[in-house]
Amino acid sequence: MPTRIKEITDYIDVELELLPAGIKIPFDIFIFEEGEIKQFLKKGEIFSFITKETLKEKNIDKVYIKTKDKKYFQDLIFEVNPKEYIDRLLDRYTIKNEFYFKIEKECLDPELPLNLNLYVYDGKNLKLIYQCNEKESFSIKNEIPDGDILIAKEDLHLYEDYLLNLAKKKINEPSIIKETTKLIIRQVYNEPTNRDKLLILADKIEEIINYSTLNPDILEKFFIMKKHDNYSYIHSINVMTLSISLGLKINITHEELRLLAMAGALHDIGKIKISPIILSKIGRMSDLEFNIYKNHVIESINIAKELDLPKKVIEGIAQHHEKLNGKGYPFKLKGEQISIFGKIISIVDAYDVLTTPQPLRYSLTPFNALQILVQDKGSYDKNFLEIFIKMIGRLI
């Protein structure tokens with residue numbers, strides 16, 4: 001007789017097809033039946049093929065596990081690695097990012113006409129929430145539902161025009177500056193040798209620095225806390241923004257700030273030369289894959305040199321994975337061999353990576369991420385790290 005539980009709280013649902021059969025399950029399994037959730041299998045019991053087929057015959061297509069057991073479920077999937085699970089996850093995550101672009105809700109003005117369609121993605125389903133009339137533009141009148149707001153990538157030029165009109169209405173609004181910066185970085189990543197795009201990025205950096213110099217605390221509004229889609233661009237914005245903020249705290253010059261920001265924005269541009277299969281791999285990379293991945297730094301340096309960027313910018317790009325103890329890459333530099341830009345960006349980059357959610361990988365809280373940086377003794381400049389911790393403390 002299964003144990004009955006009165007309410008569905010602290011549980012997550014799992015598709016039955018994704019649960020491997022014929023093995024001992026390292027967590028409790030529950031089903032929803034007759035209006036309530038019931039314990040179906042206890043931790044350590046075998047989830048047999050017959051059991052799985054029995055559930056299918058009852059038209060039960062999903063089971064439940066406790067939220068605290070999510071990590072055990074993911075570890076089990078990595079161990080068993082059923083192809084259908086990986087395929088489904090990539091289909092949900094990759095296809096959405098191939099054809100759609102996430103935009104920020106705060107950039108949607110209910111009084112400004114929008115000449116493109118809007119979609120919402122709630123983690124499982126993608127649906128149209130606003131349809132533009134071909135003959136007449138309509139303003140957004142309905143409340144925007146929860147979830148990621150997306151547009152079709154083919155409509156990006158329309159969104160850029162919309163942001164230009166919005167910027168005229170809301171001058172120096174951080175959300176608009178942040179969103180336009182994200183689009184500019186995307187353009188630079190797509191056309192890394194286009195100097196015109198680089199000049200536009202430089203102008204945007206100058207705008208952000210001038211804005212933040214007047215009010216240093218405003219930089220936290222440029223930092224994007226939720227960053228799952230458009231990862232490369234958002235990560236670049238965050239590294240650029242946090243580098244500017246840390247640079248302001250240690251009182252580097254305005255010109256150095258400008259160069260530091262450019263290095264932060266372009267530090268990972270070499271990833272466009274790395275196979276998407278490696279960049280989007282779920283789970284731990286093999287030694288060969290990681291060696292290929294590490295080559296993104298060399299590719300970034302090559303692009304920076306092709307653009308004839310200043311020496312300090314190239315140093316910041318080249319050294320963002322170096323560590324003071326010599327255990328970084330690609331050059332295994334030590335101590336004062338690493339420039340100030342390299343020391344700053346290495347801290348900022350590591351922090352943003354640790355706090356970024358990825359498919360099948362938990363993001364850390366800011367506190368836990370800072371703990372890891374502190375515990376990685378000898379890797380980061382102690383003074384810069386202390387200043388960075390105090391700076392992040394204002395955001396959490």
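The values are calculated or read from the model by the stated rules, or taken from the named source; none is laboratory data. Since we're looking at a predicted model, the values are computed, not measured. Because the Cβ atoms are built from the backbone with ideal geometry, glycine has one as well, and the counts that use them run over all protein chains shown.
If you go through region 161-190 and keep only what is over 23 Å from the mean Cα position of the chain (by Cα), assigned to a helix (DSSP H, G or I) and among the polar types (S, T, N, Q), you end up with just N165. Restricting the search to helices (runs of 4 or more DSSP H) fully inside region 232-331 and requiring at least 3 residues that are in the same structural domain as E207 (by TED's automatic domain parsing) and not β-branched (V, I, T) gives 254-266, 287-294, 296-306, 311-318. Need pairs with beta-carbon distance below 9 Å; first residue in contact (Cβ under 8 Å) with a residue 12 or more places away in the chain and within region 48-73, second of a type in the set (G, A, S) and assigned to a loop (DSSP other than H, G, I, E, B); sequence gap 6+ or separate chains. From region 48-73, the pairs are S48/A21; S48/G22; F49/A21; F49/G22; T51/A21; K52/A21; K52/G22.
Across region 271-290, which residue is nearest to K204 (Cα to Cα) among those that are in contact (Cβ under 8 Å) with a residue 40 or more places away in the chain and not hydroxyl-bearing (S, T, Y)?
Per the criteria, the residue is I272.
Given P330, P357, which one is modelled with pLDDT of 95 or more, surrounded by fewer than 18 Cβ atoms within 10 Å (Cβ to Cβ) and at negative phi? Only one candidate qualifies: P330. Of all residues in region 288-335, those satisfying the criterion of being among the polar types (S, T, N, Q) and in contact with a Gly (Cβ under 8 Å, 6 or more places away or on another chain) are N295, S300, N302, Q319, N325. Could you tell me whether any residue of region 42-54 is in contact with a strand residue (DSSP E or B) (Cβ under 7 Å, 6 or more places away or on another chain) and in a strand (DSSP E or B)? Checking region 42-54: at least one residue is in contact with a strand residue (DSSP E or B) (Cβ under 7 Å, 6 or more places away or on another chain) and in a strand (DSSP E or B). Here is the figure for region 291-316: residues that are farther than 17 Å from S346 by Cα and touching a residue at least 40 places away in the same chain (Cβ under 8 Å) total 5. Does any residue of region 343-350 turn out to be exposed (fewer than 15 other Cβ atoms within 10 Å of the Cβ) and assigned by TED's automatic domain parsing to the domain that holds G378? No: region 343-350 contains no residue that is exposed (fewer than 15 other Cβ atoms within 10 Å of the Cβ) and assigned by TED's automatic domain parsing to the domain that holds G378.
D13 satisfies every condition listed in (1) at pLDDT 80 or above; (2) within 30 Å of I234 (Cα to Cα) except (1). Of all residues in region 27-73, those that are loosely packed, with under 14 Cβ neighbours inside 10 Å and among the hydroxyl-bearing types (S, T, Y) total 3.
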